[in-house]
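**Q** I have a structure here, written as structure tokens, and I will follow up with some questions on it.
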Amino acid sequence: MKDIISVNEKTYKIEKLLGKGKGGYSYLTTNEKHYYVVKQIHHEPCDYYQFGNKIEAEINDYKRLTAIGIKMPKLLEADIENERILKEYIEGKTIYELVLEDKVKQSYLEQVRQMCVRLYKANTNIDYFPTNFIVQKEELYYIDFECNDYMEEWNFENWGIKYWSKTEEFLRYVKEHKN
């Protein structure tokens, strides 16, 4: 892994890989003054999801979720040529980590359900997997920008909730993804 990554010719030092998703790799970076997240789009195959132009989708999804009023990091810059986005870094634990530690509070579930009210009203779903949510100072943030038109099958109540506690589905996922 390179130690430096650039976004629109501004360089950032890579501190660590935060995670890999369907569409890209997210890195914790710094410019020596502040921390940021740089997401590098990848084009690795994903057998259960169809993509169009990923960088364009990131920007459009961000705009859509901002208009709906979803609490998430700010999109600071988009580097179209290199397929990278620079976002605000939200420090905190993911819901995934909190599930593992048995520390998911009822208030986090209430906050995601409040997000759902806004999302469903706007005919929209987000990716409710618990790695996509950070808790900072007891506030829940959706840290991915992915969203899609609403489908009942993929809403929080029918799909997402299965991964917000130590359910059979969650424990199977943990077992299958141990390093």
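The values are calculated or read from the model by the stated rules, or taken from the named source; none is laboratory data. Note that the coordinates shown come from a computational prediction; the quantities given were computed from them, not determined experimentally. Because the Cβ atoms are built from the backbone with ideal geometry, glycine has one as well, and the counts that use them run over all protein chains shown.
**Q** List pairs: first residue in the range 65-78 and under 19 Å from PHE133 (Cα atoms), second residue among the aromatic types (Phe, Trp, Tyr) and surrounded by 13 or more Cβ atoms within 10 Å (Cβ to Cβ) anywhere in the structure, Cβ distance under 6 angstrom, at least six positions apart or on different chains.
**A** ILE70/TYR142; LYS71/TYR141; MET72/TYR141; MET72/TYR142; LEU75/TYR62
Residue-wise test of (1) assigned to a loop (DSSP other than H, G, I, E, B); (2) surrounded by 12 or more Cβ atoms within 10 Å (Cβ to Cβ); (3) without any contact (Cβ under 8 Å) to a residue 12 or more places away in the chain.
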{"residue": "ILE5", "(1), (2), (3)": "no, yes, no"}
{"residue": "LEU18", "(1), (2), (3)": "no, yes, no"}
{"residue": "LEU28", "(1), (2), (3)": "no, yes, no"}
{"residue": "GLU32", "(1), (2), (3)": "yes, no, no"}
{"residue": "ALA57", "(1), (2), (3)": "no, yes, no"}
{"residue": "GLU97", "(1), (2), (3)": "no, yes, yes"}
{"residue": "ASP102", "(1), (2), (3)": "yes, no, no"}
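**Q** So, one more: Kindly indicate the residue of the range 111-136 that is aliphatic (A, V, I, L, M) and either part of a loop (DSSP other than H, G, I, E, B) or free of Cβ contacts under 8 Å to residues at least 12 places away in the same chain (or both) and also surrounded by the most Cβ atoms within 10 Å (Cβ to Cβ) among those meeting that condition.
**A** Looking at the filtered set, the residue picked out is ALA122.
**Q** For GLU139, all conditions in the list (1) free of Cβ contacts under 8 Å to residues at least 40 places away in the same chain; (2) surrounded by fewer than 16 Cβ atoms within 10 Å (Cβ to Cβ); (3) closer than 12 Å to ILE95 by Cα hold save one; what is the number of the exception?
**A** (1) is the only condition that GLU139 fails.
**Q** Of all residues in the range 59-80, which are within 16 Å of ILE5 (Cβ to Cβ) and either touching a helix residue (DSSP H, G or I) at 6+ places or on another chain (Cβ under 9 Å) or at pLDDT below 95 (or both)?
**A** ALA78, ASP79, ILE80
**Q** Filter the range 1-25 down to the residues that are modelled with pLDDT under 95 and among the small types (Gly, Ala, Ser) and list them by number.
**A** Correct list: GLY19, GLY21, GLY23, GLY24.
**Q** OK, next. Against the conditions (1) over 18 Å from the mean Cα position of the chain (by Cα); (2) more than 22 Å from PHE156 (Cα to Cα), where does SER107 fall short? Just the number, please.
**A** Looking at each condition in turn, SER107 falls short on (2).
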